[in-house]
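Notes follow once the structure below has been shown.
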Amino acid sequence: MPTLIKNIALPRRTLLRGLGASLALPLLDAMRPAFLSAAEKAAEKTVPRRMLGICNNLGLLPENFFPTDSGADYVPSPYLQTLQPHRDDFTVFSGVWHPDVDGGHPADICFLTAAPHPGSGGFRNTISLDQYIAERIGHLTRFPSMTLGVNIQRGLRSLSWTGAGVLIPCEENPVSVYQQLFLQGTPDQVRSQVQRLSLGQSIMDAVADQTQSLQRKLGPKDRDRVDQYLTGVRELEQRLEAAQAWEYVPKPEPRGEAPVNPEDPKAYMDKVRLMYDMARLAFETDSTRAITLMLDSVNSPAIDVEGTQITDGYHNLSHHGKNEEKKKQLEAIDSWHMRLLDELFANLKDAKEDSDSLLDRTMVVYGSNLGNANTHVTTNLPVLFAGGGFRHGQHLAFDTENNYPLPNLFVSMLQKLGIETDRFATSTGTFRGLEPV
């Protein structure tokens with residue numbers, strides 16, 4: 001037990017408050033009292049675990065994603081080369097699917113439910129992994145779960161579904177997520193703080209006095225942790241301010257045929273990055289233990305990516321018909337997704353909680369409902385599984401003709417969260433070859 005300065009013991013839910021703003025803090029050593037009851041000591045040993053489920057519903061080019069060999073010595077594919085700094089932090093799967101989940105694009109709503117035949121008449125979804133978790137441990141945090149999305153069309157897509165098969169709408173605005181996480185007070189106070197943020201005033205400006213007072217009471221390790229956390233919050237604010245600034249930039253005059261919302265293609269990847277940041281901050285403040293993020297690109301126009309001229313809509317490019325020019329553009333988009341995933345892993349590793357990184361305690365599932373968007377197949381799904389207290393650094397290759405059930409992964413995840421179950425949806429047990437640390 002680290003020595004606490006002046007024997008200070010901060011409440012676990014310590015907040016910095018000022019001018020209607022409320023900023024939660026990460027878990028600090030000073031939040032652990034020097035003397036605990038036997039029950040409290042037992043609870044203290046329970047490591048908080050979390051899950052982040054991400055579905056990119058246009059998938060990835062299979063030949064660029066899947067390694068050609070298996071095991072721990074696999075040679076990384078072109079896409080996985082981007083993630084090599086985290087090779088030992090994730091496992092790549094091939095030959096996995098959700099049994100009987102068919103229907104092409106409609107299958108995205110079943111990525112975390114595994115409910116069969118989503119394209120059939122009278123289909124009714126089942127409970128999603130995050131809501132199953134929320135029902136059992138959601139009471140431990142401010143938000144039982146968070147449902148996020150990028151580019152969701154008409155509110156009809158989501159990864160989160162209740163036990164009654166009811167869709168939980170996605171929150172698409174990162175600023176709104178940020179406000180949910182950090183702003184607290186009367187409606188007038190919140191509106192006032194939102195206005196200050198829109199003018200570029202940081203939340204840290206509002207809580208500066210309390211921050212300085214708190215820092216004087218903390219030990220060196222806690223001071224470093226708070227500095228790192230507040231720096232991350234400020235950097236996020238700056239990105240949010242930059243995103244808001246686009247609302248005031250005049251739109252260009254149309255040339256030729258009317259373009260489709262010229263800001264949106266550029267904002268797509270920026271929003272993905274911001275939503276990744278929102279998820280990290282929500283976990284870092286222990287605001288929730290379960291987050292889903294739907295990356296819906298089916299109705300996206302052309303996306304502007306650095307170094308490549310994109311001439312067609314994202315969806316149309318995914319149906320490339322083996323056209324090499326379209327595949328080249330799609331590869332550029334996929335590569336940006338991998339870069340953002342690399343950033344997410346790096347940020348989760350940089351954030352510390354006790355002696356672990358946030359990635360050590362966060363299970364990240366990244367994948368798609370489509371094994372190949374060009375043909376709409378829902379077999380051999382591209383899936384990465386990172387962090388969360390498992391042994392990684394391998395390619396688990398299953399039969400690409402007779403696929404292995406991906407819901408088995410969900411059973412392993414639930415058990416790691418301390419939820420006693422041996423079944424989820426169409427699972428047959430825990431995930432073979434995936435061992436906990």
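The values are calculated or read from the model by the stated rules, or taken from the named source; none is laboratory data. Not measured: the values here are computed from a predicted model. Ideal geometry is used to build each Cβ from the backbone, glycine not excepted, and the neighbour counts take in all protein chains shown.
Tabulated results
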quantity	calculated
Enumeration of residues in the stretch 127-163 that are without any contact (Cβ under 8 Å) to a residue 60 or more places away in the chain and part of a loop (DSSP other than H, G, I, E, B)	ILE127, ARG154, GLY155, LEU156, THR162, GLY163
Residue under evaluation PHE345, criteria (1) farther than 21 Å from TYR229 by Cβ; (2) part of a helix (DSSP H, G or I); (3) of a type outside the set (Gly, Ala, Ser), criterion not met	(1)
Candidates LEU183, LEU167, filtered to the one that is under 23 Å from ILE291 (Cβ atoms), in contact with a strand residue (DSSP E or B) (Cβ under 8 Å, 6 or more places away or on another chain), hydrophobic (A, V, I, L, M, F, W, C) and at pLDDT 75 or above	LEU167
Count of the stretch 128-148 residues which are crowded, with 19+ Cβ neighbours inside 10 Å and touching a helix residue (DSSP H, G or I) at 6+ places or on another chain (Cβ under 8 Å)	7
The stretch 315-330, residues that are touching a residue at least 60 places away in the same chain (Cβ under 8 Å) and surrounded by fewer than 20 Cβ atoms within 10 Å (Cβ to Cβ)	HIS315, LYS327
Selected residue [within 18 Å of GLY393 (Cα to Cα) and out of contact with any Pro (no Cβ under 8 Å at 6 or more places or on another chain)] from GLY71, GLY104	GLY71
Boolean, ASN56 is buried (at least 22 other Cβ atoms within 10 Å of the Cβ) and of a type in the set (S, T, N, Q)	yes
Given (1) within 26 Å of LEU230 (Cα to Cα); (2) at pLDDT 60 or above; (3) surrounded by 12 or more Cβ atoms within 10 Å (Cβ to Cβ), index of the condition ILE8 fails	(2)
Test set (1) aliphatic (A, V, I, L, M); (2) under 27 Å from the mean Cα position of the chain (by Cα); (3) modelled with pLDDT under 80; (4) surrounded by fewer than 17 Cβ atoms within 10 Å (Cβ to Cβ) - LEU199 fails condition number	(2)
Failed item, numbered, when LEU236 is tested on (1) modelled with pLDDT of 80 or more; (2) closer than 30 Å to ASP29 by Cα; (3) in contact with an Asp or Glu (Cβ under 7 Å, 6 or more places away or on another chain)	(1)
Members of the stretch 278-288 that are modelled with pLDDT under 90 and either surrounded by fewer than 23 Cβ atoms within 10 Å (Cβ to Cβ) or hydroxyl-bearing (Ser, Thr, Tyr) (or both)	LEU281, THR285, ASP286, SER287
ILE54 vs. criteria of a type in the set (Val, Ile, Thr), out of contact with any His (no Cβ under 9 Å at 6 or more places or on another chain), within 27 Å of MET338 (Cα to Cα) and not in a loop (DSSP other than H, G, I, E, B)	yes
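Each row is one residue, and each column tells you yes or no for (1) polar (S, T, N, Q); (2) assigned to a helix (DSSP H, G or I); (3) free of Cβ contacts under 8 Å to residues at least 40 places away in the same chain.
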residue	(1), (2), (3)
LEU359	no, no, no
THR375	yes, no, yes
GLY388	no, no, no
THR400	yes, no, no
SER412	yes, yes, yes
